[in-house]
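Take a look at the structure set out below.
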Amino acid sequence: MFFHIPLPEWKKAWDSGNAVGERNEEESAPKVNSGLFNEVLKSGDVKGIFVGHDHTNDYIGELNGIKLGYSRNIGYGTYGKNGFSRGARVFLINEANPSRFNTWMRLESDF
């Protein structure tokens, strides 16, 4: 799944200690938990949810078997952080088994 604003569960994924990547600002999740994550869990077919709202975060964690991740700031007309390169999250999805996907950040500073 892809959408813009993280759910409250992103903070739990970070706090679990198994997340990798950068966390340079607090998660801007809604204060009220809508229960969307629990509904996703019940569906059993979502393996990852990725968002981009918090421009200086790019971490990926896992909660209850679902990867929760960020991309970072990709554009030039929004806020960022000095020394924090713009970038985009790339996905390589195995068509034979879409639940086995790889993802990484491609950074402007890589060029």
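The values are calculated or read from the model by the stated rules, or taken from the named source; none is laboratory data. Nothing here was measured: the structure is a model prediction, and the numbers come from that model. FYI the Cβ positions are ideal-geometry reconstructions off the backbone, even for glycines, and counts take in every protein chain you see. Side chains included, ligands, DNA and RNA excluded: accessible areas come from the protein's heavy atoms. Shrake-Rupley method; radii C 1.70, N 1.55, O 1.52, S 1.80 Å.
In segment 66-87, the qualifying residues are those that are open to solvent by 30 Å² or more (accessible area, probe 1.4 Å) and either at pLDDT 95 or above or of a type in the set (S, T, N, Q) (or both), and the one that is farthest from F3 (Cα to Cα) is N82. Going by the conditions given, is D54 among the acidic types (D, E), outside any strand (DSSP E or B) and in contact with an Asp or Glu (Cβ under 6 Å, 6 or more places away or on another chain)? Taking the combined requirement at face value, the residue satisfies it. The set of residues in segment 1-49 that are under 11 Å from the mean Cα position of the chain (by Cα) and assigned to a loop (DSSP other than H, G, I, E, B) comprises M1, F3, H4, I5, P6, L7, A19, G21, E22, E27.
Conditions tested, residue by residue: (1) free of Cβ contacts under 8 Å to residues at least 60 places away in the same chain; (2) of a type outside the set (A, V, I, L, M).
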{"position": "R23", "(1), (2)": "yes, yes"}
{"position": "E26", "(1), (2)": "yes, yes"}
{"position": "N33", "(1), (2)": "yes, yes"}
{"position": "L36", "(1), (2)": "yes, no"}
{"position": "D45", "(1), (2)": "yes, yes"}
{"position": "I49", "(1), (2)": "yes, no"}
{"position": "H55", "(1), (2)": "yes, yes"}
{"position": "G65", "(1), (2)": "yes, yes"}
{"position": "L68", "(1), (2)": "no, no"}
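List pairs: first residue in segment 77-104 and over 30 Å from G65 (Cα atoms), second residue part of a loop (DSSP other than H, G, I, E, B) and not small (G, A, S) anywhere in the structure, Cβ distance under 7 angstrom, at least six positions apart or on different chains. If the second residue must be part of a loop (DSSP other than H, G, I, E, B) and not small (G, A, S), the pairs left are T78/H55; Y79/H55; G80/H55; G80/T56; G80/N73; G80/R86; K81/N24; K81/T56.
Search segment 88-101 for residues being within 16 Å of F2 (Cβ to Cβ) and of a type outside the set (V, I, T), and hand back the single one that is surrounded by the most Cβ atoms within 10 Å (Cβ to Cβ).
Within segment 88-101, the first condition is being within 16 Å of F2 (Cβ to Cβ), and the residues that meet it are 88-93, 98-99, 101.
Keeping just the survivors that are of a type outside the set (V, I, T) gives 88-89, 91-92, 98-99, 101.
On the way: A88: 15, R89: 19, F91: 12, L92: 9, P98: 11, S99: 11, F101: 13.
That would be R89.
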